[in-house]
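Let me begin by presenting the structure, written as structure tokens, before commenting on it.
The values are calculated or read from the model by the stated rules, or taken from the named source; none is laboratory data. Quick caveat: nothing in here was measured; it's all calculated off a predicted structure. Methodologically, a virtual Cβ is constructed for each residue, glycine included, from the backbone with ideal geometry; neighbour enumeration extends over all protein chains shown.
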Amino acid sequence: MHGPALSGWLSMVLCSVTGAYCLLRTRSGTEGERGAARAEALMGFGMAAMALPAAVLTPPAWSWAVYAVVFGAASLRALTGARGGAHHVHHLVGSLAMVYMALAMAPGLSGGAHTAHGAHGAGASAGGVPLLTGALLVYYALYVLYAAGRLIPVAAASPGLPAGPSGGGPGLSWGTRPELALACRLTMGMAMFAMLLTM
């Protein structure tokens, strides 16, 4: 993305750490949980690569097509599981958002992000922000608030009391702690919101 270098580095580090933790989560849990962790790891590493400041490494022109193909395939996979609940739908929205950002940033397709997002055509709102970007910003803002709201009771649990249904007990390993998985999803939601703002 074309944001300031410091925010790009921060997003890259956060998304890389999140992707690495999601890979750790693929070693435990049910098959459904491992599949969700693999999808989240792909999202984290993909977002980290997109957030890398252009001053450090200018991606080749074909890299945006690779992003679009990889996350297009992830979208199809998420679509097949979309009946499995809201979390699968969230994966679908995230994968489609990555395809959208890759296509918007690709040189030669509507002139890249600057032309595509500066145009006042049929796909843009009156202020110049494309309707799809605005809808994704609203979705991720609401998702971040939702995820943070679910995380607060877990963090506020007293140390001497047993954890609630979403909290982790003392015997859980790092890879199976639900509050850490939720914190990773919150981090990726905030990073996605920040990346969409820079388009």
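Can you name the residue in segment 36-81 that is surrounded by 17 or more Cβ atoms within 10 Å (Cβ to Cβ) and over 17 Å from the mean Cα position of the chain (by Cα) and, of all such residues, is nearest to residue 107 (Cα to Cα)? Going through the qualifying residues, I end up with 53. Scanning segment 1-36 for residues that are under 23 Å from residue 55 (Cα atoms) and outside any helix (DSSP H, G or I) returns 1, 2, 3, 4.
The rows are residues; the columns are (1) aromatic (Phe, Trp, Tyr); (2) modelled with pLDDT under 85.
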{"site": "60", "(1), (2)": "no, yes"}
{"site": "67", "(1), (2)": "yes, no"}
{"site": "72", "(1), (2)": "no, no"}
{"site": "75", "(1), (2)": "no, no"}
{"site": "87", "(1), (2)": "no, yes"}
{"site": "108", "(1), (2)": "no, yes"}
{"site": "120", "(1), (2)": "no, yes"}
{"site": "126", "(1), (2)": "no, yes"}
{"site": "137", "(1), (2)": "no, no"}
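Considering (1) in contact with a Ser or Thr (Cβ under 9 Å, 6 or more places away or on another chain); (2) at pLDDT 90 or above; (3) of a type in the set (A, V, I, L, M), the lone condition that residue 51 does not fulfil carries the number (2).
Taken over segment 37-66, the criterion of being assigned to a helix (DSSP H, G or I), aliphatic (A, V, I, L, M) and within 19 Å of residue 14 (Cα to Cα) is satisfied by 37, 39, 41, 42, 43, 47, 48, 49, 50, 51.
For beta carbons closer than 9 Å, sequence separation of 6+ or different chains, a first residue in segment 47-63 that is in contact (Cβ under 8 Å) with a residue 60 or more places away in the chain and a second that is surrounded by 12 or more Cβ atoms within 10 Å (Cβ to Cβ) and aromatic (Phe, Trp, Tyr), the qualifying pairs are 50/67; 51/9.
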